[in-house]
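Written below as structure tokens is the structure these notes are about.
Computed from the coordinates by the stated procedures, all read-outs in this text should not be read as laboratory data. It should be emphasised that the depicted structure is a prediction, and the values quoted were computed from it without experimental measurement. Counting neighbours? That spans all protein chains shown, and the Cβs are built from the backbone with ideal geometry, glycine included.
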Amino acid sequence: MNREDFEILNQEEKLIYFDNSATTLKPKQVVDSVVDYYTKYTANAHRGDYDNSLKVDMEYEGVRDKVQKLLHNRSRKEIVFTSGATASLNMIVFGFMKYQLKEGDEVLLTKAEHASNILPWVTLAKEIGIIIRYIPLENHLVTVENVEKMITPNTKVISIAHVTNVLGDERPITEIGELCSKNEIYFVVDGSQSVPHMTVDVEKQNIDFLAFSAHKMLGPTGVGVLYGKEELLERLEPTSLGGGMNASFDSEGEIEYKALPSRLEAGTPNIAGVIGLGSAIDYLLSIGFDRIHDHELELKKYAVEALEKIPNIILYNKELENGMIAFNIDGVFSQDTAVYLNHYHICVRAGNHCAKILKEDLQVKNTCRISFYLYNTKEEIDELIRVLKNSEDIFKVVL
Amino acid sequence: MDPNLRREILLDHYQHPVGHGLKDEKGYIKINTNNESCIDNLDIMYKIKDGIIEDICFDGEACAISTSATSIMIQSLIGKNKEEAKKILDNYEAMLDERPFDQELLGELNVYDEIYKQPNRKKCALLPFESLRKIIDQL
């Protein structure tokens, strides 16, 4: 749907873009909003008293309201703009958890997490002696029972992705949120793969902290969001200090920070990026997440039915209800498959998708990943199938 | 080089690589090497005696280019001393960087003489040679 809005899909050389979990294409509306800022009303935010500066403030701060509408949270003060989900997660770990946790406290993760939800924790564990435990996966999936079994009196944090980036499985967030709230556990959710595709309700789902990136939801790169419950964000120490976040300071070293959310947005923010994120949210909400999700499910069903008929294709997550397909051609290294598909202008991702320890559970190190979004079509899948059916000549193409 | 011949050599080394399988013997130096693009991952073991590369073997997961390059590298290096190995390494890197190189010296490694046209695969062709770079001074 809406393919006419994506200039990149309407070039002479056709492009089949199936790598939407990595990043998404940008509609004209998003690009225009960024260009408008750069060509019609460039100014810094929160600084000036002239018209353009006031317009920038209005646009920039207006996006906070849009994010609030997207996440269904209580207050606009709970929305902090960052450079992306990675920065948001690092702020949660090094600005909040570092001061709230102590030696021996346990953090529950899974082996299917993205590097950005593992490496900060591993580093903090070395620094202050918290203990990382991995929730056992059941057929690669997180179950509420397994989470419950792992909770001890020392469990202080559960930090997991809402939807994973390798298999695209959706975790039972609402139930885990309830468990966290009952056991006084901080619930950190990486929403990078869910916020772009489905309705997230941080209140209903008892999410304490949520991180996501704009570029995976039709927005610009280099911008993302940190959501945190207000009373928690109040205790989050700024990991970056500078202009725009202090109310006053003196030569004696006395610093007074501004109120939320400015306190956590040091320096000139990514104004163009935030404005682009705002247009992306408008765009997605105008289509509706139900429609987007249904469309992705329909594409997956269509693709899986055809892929199953090709004898040498191995599918790893066909039964999961999502818009992602992990596969390999039997006996072919995933990167060679991706290079082969690229020859036909089909973009897929090969590798371990930054989830380097999932292989311990999945027993396969590398896969090719197809991830759909709203602009993908059945005709594109037909072309993929045609190319994969002819893959006996793969080495003629890649070598 | 004729594209069909090139493909034949590459495919043969990919499907039947020289030195495939690690050895559980003394006297080997093991080096892990992996690609920045985060996919290829090879362990390569060198056995060096009296300044000569006596044996090389490898294992791991890698694409057709990395695997075949490892195989051809092994074939080219066994029996060579430090000076000879370094010459091969330098000339191979020169070829991938489109600098002048000694074609005759590289033998079957010439199959990668056009890999510079695919920058994402150049890394794959270089991968096994990174391990050689790491141990060359131990020769």
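Assorted remarks:
- Alpha-carbon centroids, region A:204-278 and region A:13-92: separation in whole Å: 13
- Pairwise Cα separations in chain B fall into 10 Å bins from 0 onward with the following percentages, short to long: 12, 46, 35, 6, 0.
- Sorted from greatest to least, the principal axis extents spanned by the alpha carbons of the protein assembly as shown come out as 72, 54, 53 Å.
- Chain B, relative contact order [Cα under 8 Å, separation at least 6], %: 26
- Note on A:39, A:123: ascending count of other Cβ atoms within 10 Å places them as A:39, A:123, the fewest first.
- Restricting attention to region A:68-155, the count of lysine pairs at 8 or more positions apart or across chains with alpha carbons under 21 Å apart stands at 5.
- In Hz, Karplus ³J(HN,Hα) per residue of region A:250-260 (6.51, -1.76, 1.60; θ = phi - 60°; x = Gly, Pro): 9, 6, 7, x, 7, 10, 10, 7, 6, 6, 5
- Phi angles of region A:127-143 translate, via the Karplus equation with coefficients 6.51, -1.76, 1.60 and θ = phi - 60°, into HN-Hα couplings of 6, 10, x, 5, 10, 9, 10, 9, 5, x, 9, 10, 6, 6, 10, 8, 10 Hz per residue; Gly and Pro are given as x.
- Residue order, fewest to most beta carbons within 10 Å, for A:385, A:135, A:8: A:8, A:385, A:135
- Over 24 Å between alpha carbons, listed pairs B:82/B:134; B:47/B:82; A:389/B:123: A:389/B:123
- Separation of the residue B:86 and residue A:312 label points, Cα + 7 Å toward Cβ, nm: 4.4
- Checking every one of the chymotrypsin sites (Phe, Trp or Tyr not before Pro) in region B:1-55 against DSSP loop status and a limit of 14 other Cβ atoms within 10 Å picks out no site at all.
- Environment charge at residue A:23 (Cβ cut-off 15 Å; Lys +1, Arg +1, Asp -1, Glu -1): +3
- Spacing of the two label points (7 Å from each Cα toward its C-beta) at residue B:26 and residue A:249, in nm: 6.1
- Whole-number percent relative contact order across chain A, with pairs defined as alpha carbons under 8 Å at least 6 apart: 22
- Cβ crowding within 10 Å, taken as a proxy for footprinting-reagent exposure, orders A:166, A:304 from fewest neighbours to most as A:304, A:166.
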